[in-house]
Structures are given as C-alpha cells and as structure tokens.
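Just so it is clear, none of the values below were taken in a lab; they were calculated from the coordinates. Keep in mind the model is a prediction, meaning the values are calculated, not measured. Every residue, glycine among them, receives a Cβ derived from its backbone with ideal geometry; neighbour counts consider all protein chains shown.
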Amino acid sequence: MADPVTIALIASAAVGTTATIQQGRAAKAQGKAQEAIAIRNAEMAEAQAEEQRTAAAAEAVRIEEQGEALRSRQRALFAKSGVEAGKGSPLAVLVDTASKTAADAAEVRRQGIISSMSSRAQGDVLRAQGVSAKARGRAAGRASVLSGVGTGISGVASIGASRAERGLKPFGPGKA
C-alpha cells in the first residue's frame, strides 16, 4: 500500500492534470460558441444589407413616381393656361423637374448601395472574428492538453523525488 504522502502527490497530480485539460475543453467550447454567435451576427448584418438595398430601391421608385406625377400636373397646368409644354420655358421646367427627380432617385439608390456594402463588410468582419475565436479555442485546448501532460509528468517526478528523500523506492512499495 502507498504511503499517505505518495497518495497525496498522486491525487494532486491527477487533479492538476484533469483541471488543466478541463480548462482547455472549456476554452475550446467557448471558442465554438463565439464562432456561432459571430456567424449569427454576420447573417443578421447580411439581412440588414439586403433590407437596406431593397428599401433604397423602393424609395427611388417612389421618388420617380412622385416626379412623374409632378410633371403630369405641370403639363396639365401649362395646357390649362394655353401654354404649349413642348417649347421654351415650359419645356425647360419639365426637363428640370425630370432631371431633379432622376438625380434624387439616383442618390437614394447610391446611398442604399453604400449602406448595403457597409453592412455586408461588417458581416464579413464578424465571420472572420468567429473563425478566429474558434481557432483560439482550439489552440487553447491543445495547449491545455500539453500543460496537463506536463503537470502529470511533474507530479510523477515529485512522487519519485519525495519517495527517494524518504528512503523509499521511487515507485512501488517498500524500502530502497
């Protein structure tokens, strides 16, 4: 039967090794969880990007429709007053209205594209962060296994040294 000091050293080495390995498993699991969160956040950013693009396109169509309605009212008012809309100043007014409407719609589309691209880029960054978190977790897991092995080896060495100091065989029962 092993003496109490040897039993304590064995228990200490076993607990230390187990704890270190468990820390690594926890780090690996945390990295995987962080990756899942980052992927979900990236998916939300990508959905937001699509929503921004769609909303901008719809707003641009609304602006174009309002512009067409305004030009129609302008033509009707010109006709009601007896002015020919296809010549001179009335034509310039209609062209200016059409030009401003087209510019406004184009700006809304441009801003939608910029916002959408920004959200997509944010999604890409989030995905990269997730991959990085998972890799860090795996690395921590591997490091903890190595550290646990080192703790175990150190414990075995301590047991041998302690037994030798007390005049016992390094391993096994009895005197040296």
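Annotations for the structure displayed:
- Of Thr151, Gln122, Gly167, farthest towards positive along the dipole that unit charges on Lys, Arg, Asp, Glu beta carbons give region 116-176: Gly167
- Going by neighbour counts of Cβ atoms within 10 Å, the residues Ile39, Ile7 line up, fewest first, as Ile7, Ile39.
- Under 18 Å from the Cα of Lys169 - aspartates and glutamates, other chains or at least 8 residues apart: Asp3
- Taking the number of Cβ atoms within 10 Å of each Cβ as an exposure proxy, the fewest-first ranking of Leu9, Leu70 is Leu70, Leu9.
- For region 4-165: rounded, prolate or oblate by the Cα gyration tensor [a/c cutoff 1.5]: prolate
- When the chain is described by a simple charge dipole with +1 on each Lys and Arg Cβ and -1 on each Asp and Glu Cβ, the residue from Ala27, Ile7, Ala98 located farthest towards its positive end is Ile7.
- Helix content alone sets the calculated 222 nm mean residue ellipticity of the chain: runs of n ≥ 4 DSSP H residues at -39500 (n - 2.57) each, divided across all residues, give -33500 deg cm²/dmol.
- Note: relative contact order over the chain, using C-alpha pairs below 8 Å and six or more positions apart, is 45 percent.
- To the nearest ten degrees, helix 4-80 and the longest principal axis of the Cα atoms of the chain are 0 degrees apart.
- Difference of contour (0.36 nm per residue) and Cα-Cα distance, Glu65 to Ala161: 25.6 nm
- Reachable lysines from Lys28, criterion Cα separation under 21 angstrom, eight or more residues apart if same chain: Lys134
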